[in-house]
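The values are calculated or read from the model by the stated rules, or taken from the named source; none is laboratory data. What you are looking at is a predicted structure, and each value in this text was computed from that prediction instead of being measured. Here the Cβ positions follow ideal geometry from the backbone for every residue, glycine too, while neighbour counts run over all protein chains shown.
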Amino acid sequence: MTDFFLATAEDTDQLGARLAATRPAQAVMQLRGDLGAGKSTLARALLRALGVQGAIRSPTYTLVERYPLGDGSEAWHLDLYRIGQADELEFLGLDEGSASLWLVEWPERGAGALPPTDLVVALEIDGQGRRATLSSVSEAGAEWVQRLREGRDLRPLSAG
């Protein structure tokens, strides 16, 4: 696990940019945390760093927002808070191989219906800022975190 303290919105943007710069070609990231913890903010920063132009909306009501990336692939940002059962994901028309990046908020609500996760980012309010804890779940996720550690310019709270 690797922890970061995000004291400001700029720190969140910086973490999103580092995640974008070090991501694998295909990746599934879970964004976990309570309401208001910063999941959509971090996803927006990551997508912006990947070159997404225009509005980057929270998928709270649409459930999924799709964003074209410069390499011809797509990033999908899902918010499953309003999903009652994982089988409801079938109706969203999500084909596992169609997106190069999945950013999934409230992933526990889609358990069993989502592709395997590479990286979990748990966000929580910590005083006036946020704490982001990154946990790799796959080999690709472990490599992602390693690349992030090697090139990061955010000060870690702990490294593991």
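Residues in the range 36-64 that are surrounded by fewer than 19 Cβ atoms within 10 Å (Cβ to Cβ), touching a helix residue (DSSP H, G or I) at 6+ places or on another chain (Cβ under 6 Å) and of a type in the set (G, A, S): A49, S58. Within the range 105-135, the residues that satisfy the criterion of being under 15 Å from the mean Cα position of the chain (by Cα), surrounded by fewer than 19 Cβ atoms within 10 Å (Cβ to Cβ) and farther than 18 Å from H77 by Cα are E124, R131, T133, S135. When L15 is tested against (1) in a helix (DSSP H, G or I); (2) at pLDDT below 85; (3) closer than 18 Å to G141 by Cβ, just one condition goes unmet, and that condition is (2). Of the listed requirements (1) on the phi > 0 side of the Ramachandran plot; (2) in contact with a helix residue (DSSP H, G or I) (Cβ under 8 Å, 6 or more places away or on another chain), A27 misses just one: (1). Being of a type in the set (D, E), modelled with pLDDT of 90 or more, closer than 21 Å to Y67 by Cα and in contact with a Gly (Cβ under 6 Å, 6 or more places away or on another chain), is that true of even one residue in the range 108-125? Yes, the range 108-125 contains a residue that is of a type in the set (D, E), modelled with pLDDT of 90 or more, closer than 21 Å to Y67 by Cα and in contact with a Gly (Cβ under 6 Å, 6 or more places away or on another chain).
Within the range 36-86, the residues that satisfy the criterion of being in a loop (DSSP other than H, G, I, E, B) and within 18 Å of F5 (Cα to Cα) are G36, A37, G38.
In the range 65-79, what count of residues is obtained for those that are surrounded by 18 or more Cβ atoms within 10 Å (Cβ to Cβ) and either basic (K, R) or farther than 29 Å from Q128 by Cα (or both)? Summing the residues that are surrounded by 18 or more Cβ atoms within 10 Å (Cβ to Cβ) and either basic (K, R) or farther than 29 Å from Q128 by Cα (or both) in the range 65-79 gives 4. Per the conditions (1) among the acidic types (D, E); (2) more than 18 Å from T22 (Cα to Cα); (3) at pLDDT 80 or above, the sole criterion not satisfied by E88 is (3).
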